[in-house]
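The values are calculated or read from the model by the stated rules, or taken from the named source; none is laboratory data. Since we're looking at a predicted model, the values are computed, not measured. Heads up, the Cβs are rebuilt from the backbone with ideal geometry, glycines too, and the neighbour counts pull from every protein chain shown.
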Amino acid sequence: MVSGAGKRFGGLEVFREISLEVGEREVLAIIGPSGCGKTTLLRCIDGLIPLTEGEIKVEGAPVVTPREGVAMVFQHFGLFPWKTVFQNVAYGLKLAGCSGAEIAEKIPNYINLVGLSGFEDYYPYQVSGGMQQRCGLARALSVEPRVLLMDEPFGAVDAQTREILQFELLRIWDMRPTTMVFVTHAIDEAVLMGDRVMVLKGRPSTVHELIEVDLPRPRDRATLSMPRFAELRERVWGTLMDDARRAEFEVKR
Amino acid sequence: MSGGQSILERPAAGFTLGARRLLASPLALKATAGIVLLGAWEGIVRALAPAYVAKPTGIARVFFTVIANEQFLAAAGATLGAVVKGLVIAIMLGTAIGLAMGRITVVERGLRYYVNSLFATPMIAVLPLVTLWFGYNADARLAVIVFAAFFSIAVNTCDGARSVPLEFLEVARSFRARPLSTLLDIVLPSSLPYLIAGMRLAAGRALVAAVVAEFFISIPGLGYYILFNSRTFKHNEAFVAVIALVAVGVSFEAMLNWVTRRYLPWARRD
């Protein structure tokens with residue numbers, strides 16, 4: 001899917017030599033310290049920005065601009081404040097050229113799926129952050145993507161809402177499994193969501209480790225208390241924090 | 001806390017209580033201030049000025065005769081019609097040019113200095129030139145109104161279109177929106193608060209332009225009505241036309257506020 005990917009902004013090389021492949025209906029979690037370029041990589045996969053080196057292919061075709069069948073959920077939600085919840089969710093289908101009748105038939109299902117029934121006519125500013133991201137998720141799901149790109153989707157909501165949304169997402173994924181690339185900076189989240197966890201590290205960052213997550217699906221709250229979950233969590237933690245600790249205690253002379 | 005409350009609850013002497021009530025009620029305060037101002041105007045005019053100078057009682061006496069007067073109504077209709085027509089033209093052109101300037105770098109680079117300079121140009125200064133091009137007629141008035149209103153709308157819309165959050169554009173691109181759809185569905189609504197600010201500014205300028213054009217060109221309208229009546233010592237009648245102009249300005253403002261509240265509830269939040 002991604003081979004030998006590199007990206008630089010002017011003189012700043014963000015990442016280099018990243019190669020990864022995500023199988024059908026597989027969930028790949030990408031984790032790394034802030035500024036490691038995980039969001040940039042995801043934007044490249046979506047075709048929002050071009051790579052400097054290497055190539056990205058989705059379903060065999062090289063990505064140059066955003067493709068049909070790929071949808072993204074943004075950390076900043078990206079809801080349009082002048083559209084209601086319904087209109088925001090319908091945005092993708094409207095652009096895909098669906099008729100009004102089709103939209104009226106399909107959208108309530110997605111609104112229902114993310115648990116926003118009854119809030120169709122509210123504006124984003126009237127609902128909580130968690131509900132806003134549910135709306136963002138419904139908008140991405142509504143175009144029936146085969147690849148779902150999640151850019152720290154729960155990074156901007158509070159800790160409790162975040163947990164609720166994680167299990168909501170797992171529930172939705174179990175109902176309609178799609179290929180998913182899930183970028184996060186939370187270790188628990190990466191292990192909980194991913195079939196594999198990719199750890200990005202270094203400057204420029206590279207793939208430091210690829211950890212297989214052999215936790216059974218469907219996953220739910222009980223998964224968190226499995227001994228295996230704690231083991232994997234520790235493993236990711238160890239890889240990730242090595243440098244962080246070293247950097248923290250580094251004395252500049 | 002308890003000390004403060006006891007002070008508040010202590011019954012005050014009659015006069016202080018009355019004054020305090022007055023200060024506490026904005027409506028009563030406004031009304032009182034209005035009566036004092038009108039009283040001062042009436043008093044000073046009666047004491048110092050000739051009989052034909054406008055004063056509140058004089059204006060009140062002629063008010064209903066004037067607003068029922070055919071000539072006055074025709075004048076008000078002409079001015080209002082020209083202002084509305086001019087604003088509609090200015091809004092359509094200004095929005096189109098403003099959006100183009102805000103989103104297309106070439107257009108912005110090419111036009112920015114000219115639009116900003118013309119925005120700063122007092123439209124009264126071009127009035128004599130406009131009359132040369134259009135003649136001493138209603139077209140010249142319309143042209144001056146459009147000239148006065150257009151640039152504030154274009155400049156504001158341009159600012160609005162430039163300040164569309166990048167996140168919105170990113171989402172539009174991610175969902176594979178075509179450029180025209182992004183312009184109409186994302187950039188335009190996102191710029192609407194700026195556009196409305198521009199319209200507010202434009203409405204005031206358009207009204208000034210209409211009145212000044214009528215002064216200068218002498219065509220029927222409220223401006224000319226004021227000029228004519230002032231010159232024939234009917235100051236009270238002239239002042240009714242001034243009140244009409246104020247009413248037009250205030251109602252336009254009220255209308256914009258209503259539209260914002262009703263259709264752009266999201267824009268009122270910071």
Could you pull out the residue among B:Ser218, B:Ser174 that is under 30 Å from A:Phe77 (Cβ atoms) and of a type in the set (Gly, Ala, Ser)? B:Ser174
All helices (runs of 4 or more DSSP H) inside the stretch B:73-175 with 1 or more residues being closer than 23 Å to B:Phe252 by Cβ: B:105-120, B:127-134, B:138-162
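So that you can scan it fast, the table gives a plain yes or no per residue for (1) charged (D, E, K, R); (2) surrounded by fewer than 19 Cβ atoms within 10 Å (Cβ to Cβ); (3) more than 12 Å from chain A (Cβ to nearest Cβ):
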residue: B:Leu129; (1), (2), (3): no, yes, yes
residue: B:Ala138; (1), (2), (3): no, no, yes
residue: B:Leu142; (1), (2), (3): no, no, yes
residue: B:Ser152; (1), (2), (3): no, no, yes
residue: B:Leu166; (1), (2), (3): no, yes, no
residue: B:Ala202; (1), (2), (3): no, no, yes
Is it the case that the stretch A:199-206 has a residue that's under 14 Å from the mean Cα position of the chain (by Cα), touching a residue at least 24 places away in the same chain (Cβ under 8 Å) and buried (at least 17 other Cβ atoms within 10 Å of the Cβ)? no
Going through the stretch A:94-119 in order, the residues found to be assigned to a helix (DSSP H, G or I), within 29 Å of B:Leu180 (Cβ to Cβ) and of a type outside the set (Asp, Glu) are A:Lys94, A:Leu95, A:Gly100, A:Ala101, A:Ile103, A:Ala104, A:Lys106, A:Ile107, A:Pro108, A:Tyr110, A:Ile111
Between a residue in the stretch B:130-141 that is assigned by TED's automatic domain parsing to the domain that holds B:Thr79 and touching a residue at least 40 places away in the same chain (Cβ under 8 Å) and any residue that is aromatic (Phe, Trp, Tyr) and in a helix (DSSP H, G or I), which pairs come within a Cβ distance under 6 Å, given they are 6 or more apart or on different chains? B:Ala140/B:Phe134
Tell me which residues, restricted to the stretch A:37-55, are touching a Gly at 6+ places or on another chain (Cβ under 8 Å) and crowded, with 19+ Cβ neighbours inside 10 Å. A:Lys38, A:Leu51
Of all residues in the stretch A:137-185, which are in contact (Cβ under 8 Å) with a residue 24 or more places away in the chain and among the small types (Gly, Ala, Ser)? A:Ala138, A:Ala140, A:Ser142, A:Gly155, A:Ala156
Residue within the stretch B:53-66 that is in a helix (DSSP H, G or I), assigned by TED's automatic domain parsing to the domain that holds B:Pro165 and farther than 25 Å from B:Val246 by Cβ present: no
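So that you can scan it fast, the table gives a plain yes or no per residue for (1) among the aliphatic types (A, V, I, L, M); (2) at pLDDT 85 or above:
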| site | (1), (2) |
| --- | --- |
| A:Gly10 | no, no |
| A:Arg16 | no, no |
| A:Leu20 | yes, no |
| A:Leu41 | yes, yes |
| A:Gly78 | no, yes |
| A:Val85 | yes, yes |
| A:Ala96 | yes, yes |
Tell me which residues, restricted to the stretch A:23-68, are more than 14 Å from every other protein chain (Cβ to nearest Cβ), farther than 22 Å from A:Gln166 by Cβ and assigned to a strand (DSSP E or B). A:Glu53, A:Gly54, A:Glu55, A:Ile56, A:Lys57, A:Ala61, A:Pro62
Can you tell me which residues in the stretch A:123-143 are surrounded by fewer than 16 Cβ atoms within 10 Å (Cβ to Cβ) and either in contact with a Phe, Trp or Tyr (Cβ under 9 Å, 6 or more places away or on another chain) or of a type outside the set (Ser, Thr, Tyr) (or both)? A:Tyr125, A:Gln126
Take the stretch A:120-142 and flag every residue that is in contact with a strand residue (DSSP E or B) (Cβ under 6 Å, 6 or more places away or on another chain) and either in a loop (DSSP other than H, G, I, E, B) or within 12 Å of another protein chain (Cβ to nearest Cβ) (or both). A:Gly136, A:Ala140
Would you check if there is a residue in the stretch B:84-94 being touching a Leu at 6+ places or on another chain (Cβ under 7 Å) and modelled with pLDDT of 95 or more? yes
With the checklist (1) free of Cβ contacts under 8 Å to residues at least 12 places away in the same chain; (2) crowded, with 17+ Cβ neighbours inside 10 Å in hand, flag the one item A:Val114 doesn't pass. (1)
It is to be established whether one or more residues within the stretch A:95-118 are of a type in the set (Ser, Thr, Tyr), out of contact with any helix residue (DSSP H, G or I) (no Cβ under 9 Å at 6 or more places or on another chain) and either farther than 15 Å from A:Met72 by Cα or at the interface with chain B (Cβ under 10 Å from one of its Cβ atoms) (or both). yes
Taking the stretch A:69-93 only, how many residues are within 8 Å of chain B (Cβ to nearest Cβ) and assigned to a helix (DSSP H, G or I)? 2
Pull up the stretch B:220-270, narrow it to residues that are under 20 Å from B:Ala60 (Cα atoms) and outside any helix (DSSP H, G or I), then point me to the one that is nearest to the other protein chains (Cβ to nearest Cβ). B:Lys234
